[in-house]
Every structure is written in C-alpha cells, then in structure tokens.
Amino acid sequence: MIVAIEILVIVVLVAIVLTLVIDEGRKRAHERHLVTIKTYWDGINRRRAVRHNTTLDVLYTVNHTVNQVISHKNSRARDISTHGIGLVLSEKLPRRTMLSLLIKLDKQGDSIRAKAAVMWCKESLEDEQGSPLRLFYTGLKFIHFADERQERRLFDYIRSLEQDSSNVSVVH
C-alpha cells in the first residue's frame, strides 16, 4: 500500500513539473510574439533593403495572354531598392499581379526591363500634383531582369543614390 502511495505521489509530481514546463514554453512563445508585434508597430522597416526616394518614369504592362494586344501604361516611381520599386498607378491591381516594367534611369532613353509582382496596393490619400484621377501607391517586388547587365545597371544606380544620400550634410 505504501508503495502505491509513493508511486501516486511521484506521478502527481511529474504531472506538476510537466505542466510547469509546458506553461513556461507557452509564456516564452507569447513573449516572442509580443516582441515581434512591438517592433512591427514601432515602425521599424521590415524590408530587406532600404528604399530610396526617386522619381523615375516607368512604362508597365500587366502580363498578358498571347491573344491580347500589348499596351504600355505610363507610371512614375516613388522609390526604389534592389528588391523592388514603388509606383504611382492610375489603377488598383490585385496582389500577385505580374507586371512587365520598362524603367527609364536617364534621359537618354536607356531603360531596364524587369518582371515584378504586386505586393500591395493602396489608394493615395494625397493629391498627386493636382491629378483628377484616382491614384494608387503600389509596391512591387522584382522577380527577374531581362539580363544580368541590366540588373547590374540598376544596382549601380541605387548605389549612386546611396552615395548621394550619404554625402548630404545636415545643417541645424
């Protein structure tokens, strides 16, 4: 009888310890989740690469089927990074829509061809230079470039933007 009581006490103690371990694991997981939420809402940039403010002319087409006529639409870039570009569009595009881009880096007409996917799209609350159209800020993620040379040219352009921003001195 005493052995049965001792075994029962050991089983109860093991159950208590196991409950404490499981509860501690859940508490730590919840705390990690709260830290993630806090960094999100504190405005820390979640992008993998810094976007640089720029104004570039961009022609785009929503990827088409074989029987459709290709019509390029004009747009303007707000910002750019090595991973994506932010455009101002006159149409709202659904997430994951594939676009073909022609990004004009300079006035000589030399352009970069790229494919990109819509990551987000939201209506512009600001009046874009008095435009009577509804405008949408659209974030795109680069999927691939026409060739490596064009990708390098884009990266060189972004590097020049980084150097220009680091050379700007702040006057108080």
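The values are calculated or read from the model by the stated rules, or taken from the named source; none is laboratory data. Please read these numbers as outputs of a predicted model, since none were measured by experiment. Don't worry about glycine lacking a Cβ; one is built from the backbone with ideal geometry, like all the others, and counts go over all protein chains shown.
In the stretch 140-158, the residues that are surrounded by fewer than 17 Cβ atoms within 10 Å (Cβ to Cβ) form no Cβ pair under 6 Å with any partner that is of a type in the set (Asp, Glu), whether six or more places apart or across chains.
When Gly109, Gly139 are screened for being at pLDDT 90 or above and in the same structural domain as Phe155 (by TED's automatic domain parsing), only Gly139 passes. Only residues that are surrounded by fewer than 16 Cβ atoms within 10 Å (Cβ to Cβ), aliphatic (A, V, I, L, M) and part of a loop (DSSP other than H, G, I, E, B) were counted in the stretch 86-127, giving 1. Residue under question is Leu56, and the condition is that it be within 30 Å of Ser160 (Cβ to Cβ), at pLDDT 80 or above and assigned to a loop (DSSP other than H, G, I, E, B); does it hold? The answer is no for Leu56.
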